[in-house]
Amino acid sequence: MDFNIDSWLNLVIRWFHVMAGILWIGTSFFFIWLDNVLQPLPEGGKGHVGKAWLFHGGGFYQVEKSIQAPASILASLHWFKWEAYLTWLSGFALLIVVYWWRADLYMVNPAVAQLSKAQAIGVGLGALVVGWLVYDGLWRWLAERNPKVALVLSLLLYVGTAYALTQLLSGRAAFVTSGAMLGTIMAANVAMVIMPNQRKMYAAATAGGEADPRLSYQAKRRSTHNNYLTLPVIFMMISNHFSMTWGHAMNWLILVVMFGVGIGVDHYINCRDKGRKGAGYVALAAALAGLLAMVWFTATPAPAPPAAGTATTSGAAATPVSFAAVQGIITARCIECHSAHPTSKLFPIAPNGMKFDTPAEIQQAAAKIKLMAIDTQAMPLGNLTHMTAEQRATLAAWLGQGASIPAKE
Ligand code: HEC
């Protein structure tokens, strides 16, 4: 029996993570929407922010927001934190199971940077910890003095981080680590700012006193940041299944644009709820432009740095490469995993159903082989099978000459 514990852990934790994430993100969008539609009432008392009337599931709801609470409601108060914590915990578990466990395969790409397994995990963990410390420190320092500067600095720091990650880790690991870093910031916002501030507000209400309104503003600011980060994070996480994004030679730029597109769509939603249609459409147009730019950009891949000894296009044309040579290379370097009967202990089933047993299968996958073994050098995975630069050059030349295979007898 083939019992694949890695894959089952991956599937079950992923399922849980997506469920928890949906709950968290749904809550985030619901409350941001609520804040955007609240209407202040003239008769609202001290701490009154506004009221909204909702209709759902066959009933009318009246919701009133206040930053002060009468002691009478405290006993039946609902807090919202577990959806955030469980999303983060399951995401972190998934990061370990899928990436850190076999960091040598999934986080290191020798063509990007020659890191050891421990170094790659160090980069991944460092991004989560340092990302939060820098973000939190920046906003504690500047939020009240100059929030605009804090915002610009945060965005610039993100661009720098996206660039650094893609220069150190394999493309996929860089995208996922970037998403995990933003997700960590979101969960830490809940654990380290929103919840502590709310506990202080709660304590003030219990004592029959008044909460400092600044506690509410700080919590609201972090909660708004979280809302703006949700869509970029989801985009980054699912982009992992699409090698045209992380596999691109300028993948850092794609990552940054993806971040911007997510924020743009989020801003459109929030502007629309506030009745600021004009600003909303500008944000939406910018997001769509970003999306189109990515599509266009990935359609014209920038050339990867040539491996030592790579044949030039003209050289390639001069010396036709025989398919026998190509099949020899693929058999030596790829078939271990990409076969109907893989010999690899790690991958008893051909990964992504990608098999190179016959000339037709190889030819059919030519474009993907070019992307994975030539442009990004993401394959062979972790270069476990020790593919040489000369072999990549031969493969590239064959692809450049039209990837032809001998006609059937
Ligand atoms: C040690 C095992 C291993 C070896 C050797 C290996 N691969 Fe892969 N390959 C994988 C795995 C695992 C995946 C799936 C990655 C993922 O999770 O998407 C994959 C995926 C692919 C894909 C699919 C990408 C997609 O978009 O679906 C291509 C193409 C590919 N490999 C080409 C190659 C080529 C060409 C070679 C030889 C030069 C090679 N691989 C050698 C393990 C291997």
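The values are calculated or read from the model by the stated rules, or taken from the named source; none is laboratory data. Since the model is a prediction, treat every value here as computed from it, not as a measurement. Virtual Cβ from ideal backbone geometry, glycine too; neighbours counted across all protein chains shown. All accessible areas refer to the heavy atoms of the entire protein, side chains included, with ligands and DNA or RNA removed. Shrake-Rupley method; radii C 1.70, N 1.55, O 1.52, S 1.80 Å.
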Output for region 343-400, where each listed residue is open to solvent by less than 30 Å² (accessible area, probe 1.4 Å) and among the aromatic types (F, W, Y) | F356, W398
Test W8 against the criterion of being free of Cβ contacts under 8 Å to residues at least 40 places away in the same chain, open to solvent by 100 Å² or more (accessible area, probe 1.4 Å) and either of a type in the set (D, E) or over 28 Å from T224 (Cβ atoms) (or both), and give yes or no.
-> yes
If we scan region 240-247, do we find a residue that is at pLDDT 95 or above, in contact with a helix residue (DSSP H, G or I) (Cβ under 7 Å, 6 or more places away or on another chain) and open to solvent by less than 40 Å² (accessible area, probe 1.4 Å)?
-> no
Filtering region 131-147 down to residues that are among the hydrophobic types (A, V, I, L, M, F, W, C) and open to solvent by less than 80 Å² (accessible area, probe 1.4 Å), which residue is nearest to the chain's Cα centre (by Cα)?
-> W132
Could you check, for region 168-176, whether at least one of its residues is open to solvent by 40 Å² or more (accessible area, probe 1.4 Å), closer than 29 Å to A103 by Cα and over 9 Å from the mean Cα position of the chain (by Cα)?
-> yes
Residues within region 323-338 that are more than 10 Å from the ligand (Cβ to nearest atom) and open to solvent by less than 60 Å² (accessible area, probe 1.4 Å), tallied = 5
Output the helices (runs of 4 or more DSSP H) that fall wholly within region 339-409 and possess 1 or more residues being more than 10 Å from the ligand (Cβ to nearest atom), or say none.
-> 359-364, 389-400
Evaluate region 16-37: report whether one residue or more is touching a strand residue (DSSP E or B) at 6+ places or on another chain (Cβ under 7 Å), farther than 30 Å from D212 by Cβ, without any contact (Cβ under 8 Å) to a residue 12 or more places away in the chain and open to solvent by 60 Å² or more (accessible area, probe 1.4 Å).
-> no
Selected residue (criterion: modelled with the highest pLDDT) from residues of region 177-209 that are open to solvent by 40 Å² or more (accessible area, probe 1.4 Å) and polar (S, T, N, Q) | Q198
Those residues of region 38-48 that are open to solvent by less than 60 Å² (accessible area, probe 1.4 Å) and under 15 Å from K274 (Cα atoms) come to a total of 1
For residues that are within 18 Å of Q39 (Cβ to Cβ) and touching a residue at least 24 places away in the same chain (Cβ under 8 Å), scanning just region 263-287, find the one that is surrounded by the most Cβ atoms within 10 Å (Cβ to Cβ).
-> N270
G122 within 27 Å of L11 (Cα to Cα), at pLDDT 95 or above and over 18 Å from the mean Cα position of the chain (by Cα) = yes
Given the structure, is V108 surrounded by 15 or more Cβ atoms within 10 Å (Cβ to Cβ), closer than 15 Å to A173 by Cβ and at pLDDT below 95?
-> yes
